[in-house]
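Here the structure is laid out as structure tokens; the discussion comes afterwards.
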């Protein structure tokens, strides 16, 4: 095999799949299988439509809003999982960013651009910290990001003093004064296109496109796939493995901060307890989409399909007012079914 | 010289004690030369400072303790870990605290250590959640069932006995969630209120918002949302606001924290918030009574207040006992 740095195009997984016959690749492609799971869930929604509630666009708009924060986390998770890693810190970095964003915007009155920029930097640095532990110190991703998960949660509690950072600002005498909601909060929490799409859904879409360019259009993306496929071979072929991996976790941290900003804007506050167990939902979305936990295989649009599958499932259970016990059991069953669907012969 | 060494000894004692996480025993002499205890150390063990309500409980204890300069309160956070809380209780016992306030994580595993302190002659005030048996000095807590019932009756009254209700429940595997539900059902019994939609939002605001979105897309007519906590009611409000329906729906929550429920009521987001008192004030008052040698009751049930737009600036209105 030639050196990856010289002829990286040959190793692109997309080019390889195009060599199969068109029909074959259509039926057995991960995208088709992921779509099958989504379509099945969608059909369930049409059948159990809760007095036609499922047929209204508002229901779908709300589902897209609710799924966006998880989806943004899943975008970063996809990048990391493609390198055969995992990032457990996304939920905690989300809360850290949410709290920081609220402090900057509400308490300190920073301009939106500055608050957003600093929050993104906080997220990226937290992610890079995981990356350094994984790439430089060769700590297993599970352990390294577990440590960051705990540390970021601690940091979120520390800077917030354990309290939600809301528009109720405590004065020196202990009383509370109501500060106005910053415009940036209202903007992110609003809807566009005649009230038919939430702004957070647009942000999710931008993140998807960003990751798509990263994964499919840049050399960096091919390196990610190469490392996930065979790290040692990539190293021998001259891929700067450590740097690429570090950046992957940095990207995940950055996207977690984006999710945190969206979370804060939608709650109108920064909650240091936000995002608990969100990492599991993000991982589920990536895996249901068909990105392999073993690394090297997957894609960002698969993650979108996975996110929609989980989003619709939750929405259908919610509009039908299904009890929490049955919801959990059904969600587990659907995850198993979707993953099995992914695994049929190839 | 003697004075100096005394000062030095005292200073050293302070340092040692501060390092040990406990303040000194102050057996000072009053001007008449009579030995009398005038300073006390209270150990406060909080089961989990991750919840705003419990942070508020500590803040209340602090606020009321500050009114008594003779009190030193040492706070410990068990981070939702029963064994850690048990260890912290033992630390308080061995460091010789004069009184312990504990808000236990759970009853049975923490009963022995509370009893141990009590039998050693250290008064123990148990806050919010109970321990088993009677080996403690005083239990102070509110009654979720009573608050739920009061909320139910209040809602029947404000809706004129008729209407469609969405109930957003707290975690239904937790006793506060169960009690706030069963109390509410008791409160609305006999009225024509109908619960058209209910969901377990697990005390979480984003979850409440999601569930409310579903309720909104399913029912074109909703009169009131009863949420088991104020963040839940606020999340429901945000969902209704996004659907431009917040004007036609009333929102009622529970907890009434100054920075949460009370502010929401002031802003007109919630029609009412029912206070779930922390008991911080009563704990310090009871502690002072114990130190002064007065008798205290074995149990104190805290009375709750309701906050509405009309009374929130005056500190809410006490709910009448039945």
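Annotations
- Among the residues here, residue B:170 qualifies as in contact with a helix residue (DSSP H, G or I) (Cβ under 8 Å, 6 or more places away or on another chain), within 12 Å of another protein chain (Cβ to nearest Cβ) and touching a residue at least 60 places away in the same chain (Cβ under 8 Å).
- For region B:253-284, a residue qualifies if it is assigned to a helix (DSSP H, G or I) and either within 12 Å of the chain's Cα centre (by Cα) or buried (at least 23 other Cβ atoms within 10 Å of the Cβ) (or both), and the qualifying residues are B:261, B:262, B:263, B:264, B:265, B:280, B:281, B:282, B:283, B:284.
- Test result for residue B:259, within 13 Å of another protein chain (Cβ to nearest Cβ) and either at pLDDT 95 or above or touching a strand residue (DSSP E or B) at 6+ places or on another chain (Cβ under 6 Å) (or both): yes
- Qualifying residue in region A:170-177 (condition: more than 8 Å from every other protein chain (Cβ to nearest Cβ) and in contact (Cβ under 8 Å) with a residue 40 or more places away in the chain): no
- Any hit, region B:239-252, residues being under 20 Å from residue A:176 (Cβ atoms), in a loop (DSSP other than H, G, I, E, B) and within 14 Å of another protein chain (Cβ to nearest Cβ): no
- Listed here are the helices (runs of 4 or more DSSP H) enclosed by region A:171-249 that have at least 1 residues being over 20 Å from the mean Cα position of the chain (by Cα): A:183-188, A:219-229, A:231-236.
The values are calculated or read from the model by the stated rules, or taken from the named source; none is laboratory data. The structure displayed is predicted, hence computed values, not measured ones. Positions of Cβ are backbone-derived with ideal geometry, glycine not excepted, and every protein chain shown enters the neighbour counts.
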